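Take a look at the structure below.
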Amino acid sequence: ADESSGYESESAERSAAPGGTRGRQRRARTAFTSEQVCRLEKTFQRQKYLGATERRKLAAGLQLSEIQIKTWFQNRRMKLKRQI
């Protein structure tokens, strides 16, 4: 199962197919529920970085993939960096 975003390969495919009609489509944006965001934010306040075990437990508890959790934390750290 390909768990990567595929963005790197998308750019190469788009250049081969004008308009990007034959390239892979981007994965749909995850719409987090308010409960998921609340729990993610609480966890982020306690610790900015998650280890593999914590990420696995959080993903199972929120019914999200580990990659979605990892990406959310990366984006949240960047948001914090921009705010500072």
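The values are calculated or read from the model by the stated rules, or taken from the named source; none is laboratory data. What you see is a predicted model; the values in this text were computed from it and never measured. Please note: Cβ atoms are built from the backbone with ideal geometry, for glycine as well, and neighbour counts cover all protein chains shown. When the accessible area is computed, the model is the full protein with side chains, heavy atoms only, and any ligands, DNA or RNA have been set aside. Shrake-Rupley method; radii C 1.70, N 1.55, O 1.52, S 1.80 Å.
Being part of a helix (DSSP H, G or I) and exposed (fewer than 12 other Cβ atoms within 10 Å of the Cβ) is the filter here; which residues of segment 42-59 pass it? Correct list: 42, 45, 46, 52, 53.
Are any residues in segment 1-10 of a type outside the set (Gly, Ala, Ser) and either open to solvent by less than 60 Å² (accessible area, probe 1.4 Å) or at pLDDT 95 or above (or both), and if so, which ones? Matches in segment 1-10: 10 only. If the condition is being open to solvent by 80 Å² or more (accessible area, probe 1.4 Å), of a type in the set (D, E, K, R) and modelled with pLDDT of 95 or more, then segment 22-41 contributes 35, 39. Taking the numbered list (1) surrounded by 13 or more Cβ atoms within 10 Å (Cβ to Cβ); (2) at pLDDT 95 or above in turn, residue 13 passes all entries but (2).
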